[in-house]
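Colleague: I am attaching a structure below and will ask some questions about it afterwards.
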Amino acid sequence: MSFKSLGLSEPILKAIAKKGYETPSPIQAKAIPPVLDSKDVLASAQTGTGKTAGFTLPLLHILSENQRHHRRQIRALILTPTRELAAQVYANVKEYSEFLDIRGAVIFGGVNQKPQVSKIRQGIDVLVATPGRLLDLESQGLLSLRHVEIFVLDEADRMLDMGFLRDIERVMKLIPAKRQNLMFSATFSKDIKKLAYSILHNPVQVEATPENTAVEVIEQKVYRVAKTKKTDLIIKLISEGDWQQVLVFTRTKHGANRLTKKMISSGITAAAIHGNKSQGARTKALAGFKSAKIRVLVATDIAARGLDIPLLPHVINFELPNISEDYVHRIGRTGRAGASGEALSLVSADETSYLRGIEKLIAQKIPVEIIEGFEPDPNASTEPIKPGQNRQRSPRRNSKHKGEGGGSNSRNSNRNRNRNRRRNNDNRN
Ligand code: ADP
Ligand code: MG
């Protein structure tokens, strides 16, 4: 993923390069395309994840691409809760628009209004403002918001915390009804959703979950289970738990298809989503899942990566990923500040080394449970599966290894060497 592939214009790319950014952050990658598409967007991602550029870059692109009328009138309004934030956002606007014919200004309270007013008088395209000073200058007739095309509410959660709701509502009345609205927030509370509902029009909702802190709020569990019993166990968990929206991860596309079929034949609505599916099929599966027509979405890591799905109460690893980081990405789909989620992993003997790797990465021991009737196979090999190997063959291979647990030391160390080599390969893939 590059900034260029997001469709930003050359002068903006130049400014990004000058700033030293190499790749878009996750929230930028998710938010920029719908903003460029002139959609209303509700975006949430933790503080420090680059939300400012997430709206500023596409906003500048839009303004510079259609500069027909209302030149040097306030065409974009960015509201921020504090003067520090206003100043920061304005600094970004200036940097990113260095190679564009766009002018901006910033206004906030606590300082003399004169310099701010004279800057606005000279004609500006983008205004960054705190609500109080904005309303103040507007009521004095010193600025007009009648030509605003893009309205941004930055740090929306802090706005609410600071009691700006009424001011926001007053600002809304001063800008044209037909406009593009963007709302960015670090958290995603009920109140934020309510506010979004009142401001945004058919918004595209994007989220990027923090990758490390997420792990702490998510309840994790490992079910040790025989490989051959995994399908039955997952069906039991979903049915008995009466879970209605479950994201399941498999390591392979075939695995995803196979599991999806088995779920469907046992009466659980499910759809697979992976690289071999057409865009149309993926969109349909995703829409079905979001609208709760489909209970289970079975996905591979790569397919799930860019997926725009809201956070879920349950994520199940039908198989552990061979790359530990992918585990963190996967379970980041569940849980969020306040509402915690559950991430379950079905782990068979041959995934033991993957589990160790994951526990090392997250610096946590994941509690293990064994369910009666779904016990792990005591004779199964703990040797990891090679990536790309047909999973269906595994049980046969395992049975060949029966009794090897007590093999000679030299044989064991040989196996360990092989295992390490495989793991290294895994990590390169
Ligand atoms: P947020 O609004 O989510 O709190 P900011 O927009 O303030 O985050 O950005 C946080 C920091 O990350 C800033 O210093 C910013 O310059 C930097 N940053 C933003 N986008 C990128 C990127 N794509 N690559 C590298 N650094 C970035
Ligand atoms: Mg911010």
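The values are calculated or read from the model by the stated rules, or taken from the named source; none is laboratory data. Nothing here was measured: the structure is a model prediction, and the numbers come from that model. All Cβ positions, glycine included, derive from the backbone under ideal geometry; neighbour counts span all protein chains shown.
Colleague: State whether one or more residues within the stretch 173-195 are part of a strand (DSSP E or B), within 16 Å of ligand 2 (Cβ to nearest atom) and not hydrophobic (A, V, I, L, M, F, W, C).
Modeller: Of all residues in the stretch 173-195, those part of a strand (DSSP E or B) come to 180-185.
Restricting the remaining residues to those that are within 16 Å of ligand 2 (Cβ to nearest atom) gives 182-185.
From what is left, the residues that are not hydrophobic (A, V, I, L, M, F, W, C) are 185.
Yes - at least one qualifying residue is present in the stretch 173-195.
Colleague: Still on this structure, I have one more. Going through 97, 44 one at a time, which residue ends up being over 22 Å from residue 195 (Cα atoms) and among the hydroxyl-bearing types (Ser, Thr, Tyr)? Talk me through it step by step, then tell me what you get.
Modeller: Details: 44 fails: over 22 Å from residue 195 (Cα atoms).
Among 97, 44, only 97 is over 22 Å from residue 195 (Cα atoms) and among the hydroxyl-bearing types (Ser, Thr, Tyr).
Colleague: Being aliphatic (A, V, I, L, M) and more than 21 Å from the chain's Cα centre (by Cα) is the requirement here; does residue 320 meet it? Steps first, answer last, please.
Modeller: Working: aliphatic (A, V, I, L, M): yes; more than 21 Å from the chain's Cα centre (by Cα): no.
Taking the combined requirement at face value, the residue does not satisfy it.
Colleague: Step by step: first the residues of the stretch 351-376, then only those that are in a loop (DSSP other than H, G, I, E, B) and of a type in the set (Val, Ile, Thr), then the one that is nearest to residue 316 (Cα to Cα). Which residue is that? Even if it seems obvious, please write down each step before you answer.
Modeller: We begin by selecting, within the stretch 351-376, every residue in a loop (DSSP other than H, G, I, E, B); these are 363-367, 370-376.
Still in the list and also of a type in the set (Val, Ile, Thr): 366, 370-371.
Values: 366: 14, 370: 16, 371: 16 Å.
In this case the residue turns out to be 366.
Colleague: Could you say whether any residue in the stretch 272-283 is farther than 23 Å from residue 311 by Cβ, among the small types (Gly, Ala, Ser) and in contact (Cβ under 8 Å) with a residue 12 or more places away in the chain?
Modeller: yes
Colleague: Still on this structure, I have one more. Hey, any hits in the stretch 60-76 for a residue that's crowded, with 20+ Cβ neighbours inside 10 Å, more than 10 Å from ligand 1 (Cβ to nearest atom) and small (Gly, Ala, Ser)?
Modeller: Yes; the residues of the stretch 60-76 include at least one that is crowded, with 20+ Cβ neighbours inside 10 Å, more than 10 Å from ligand 1 (Cβ to nearest atom) and small (Gly, Ala, Ser).
Quick grid of which residues meet (1) within 16 Å of ligand 2 (Cβ to nearest atom); (2) within 27 Å of the chain's Cα centre (by Cα); (3) within 30 Å of residue 189 (Cα to Cα):
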position	(1), (2), (3)
8	no, yes, no
13	no, yes, no
19	yes, yes, no
35	yes, yes, yes
44	yes, yes, yes
50	yes, yes, yes
81	yes, yes, yes
95	yes, yes, no
100	no, no, no
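Colleague: Taking the condition more than 27 Å from residue 25 (Cα to Cα), part of a loop (DSSP other than H, G, I, E, B), of a type outside the set (S, T, N, Q) and in contact with a Ser or Thr (Cβ under 8 Å, 6 or more places away or on another chain), does residue 235 pass?
Modeller: On the way: more than 27 Å from residue 25 (Cα to Cα): yes; part of a loop (DSSP other than H, G, I, E, B): no; of a type outside the set (S, T, N, Q): yes; in contact with a Ser or Thr (Cβ under 8 Å, 6 or more places away or on another chain): yes.
It is false that residue 235 is more than 27 Å from residue 25 (Cα to Cα), part of a loop (DSSP other than H, G, I, E, B), of a type outside the set (S, T, N, Q) and in contact with a Ser or Thr (Cβ under 8 Å, 6 or more places away or on another chain).
Colleague: Residue 167 passes all but one of (1) loosely packed, with under 15 Cβ neighbours inside 10 Å; (2) within 27 Å of residue 49 (Cβ to Cβ); (3) not aromatic (Phe, Trp, Tyr); which number fails?
Modeller: Here residue 167 meets the rest and fails (1).
Colleague: Then there is this: Considering only the stretch 15-37, I want to know if a residue exists there that is of a type outside the set (Phe, Trp, Tyr), within 15 Å of ligand 1 (Cβ to nearest atom), within 18 Å of residue 103 (Cβ to Cβ) and in a helix (DSSP H, G or I).
Modeller: Scanning the stretch 15-37, I find at least one residue that is of a type outside the set (Phe, Trp, Tyr), within 15 Å of ligand 1 (Cβ to nearest atom), within 18 Å of residue 103 (Cβ to Cβ) and in a helix (DSSP H, G or I), so the answer is yes.
Colleague: For the stretch 127-163, enumerate the residues that are part of a strand (DSSP E or B) and within 16 Å of ligand 1 (Cβ to nearest atom). First the steps, then the outcome.
Modeller: Of the stretch 127-163, the ones part of a strand (DSSP E or B) are 127-129, 150-153.
The answer is 128, 152, 153.
Colleague: Still on this structure, please answer the following. State yes or no: is residue 106 out of contact with any His (no Cβ under 8 Å at 6 or more places or on another chain), closer than 22 Å to residue 135 by Cβ, of a type outside the set (Phe, Trp, Tyr) and at pLDDT 95 or above?
Modeller: So residue 106 passes the test.
Table: residues versus (1) within 16 Å of residue 348 (Cβ to Cβ); (2) surrounded by fewer than 18 Cβ atoms within 10 Å (Cβ to Cβ); (3) in contact with a Phe, Trp or Tyr (Cβ under 6 Å, 6 or more places away or on another chain).
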| position | (1), (2), (3) |
| --- | --- |
| 229 | yes, no, yes |
| 232 | yes, yes, no |
| 244 | no, yes, no |
| 247 | no, no, no |
| 254 | no, yes, no |
| 264 | no, yes, no |
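Colleague: OK, next. Please enumerate the residues belonging to the stretch 249-265 that are part of a loop (DSSP other than H, G, I, E, B) and at pLDDT 95 or above.
Modeller: The initial filter retains those residues of the stretch 249-265 that are part of a loop (DSSP other than H, G, I, E, B), namely 250-252.
Result: 250, single match.
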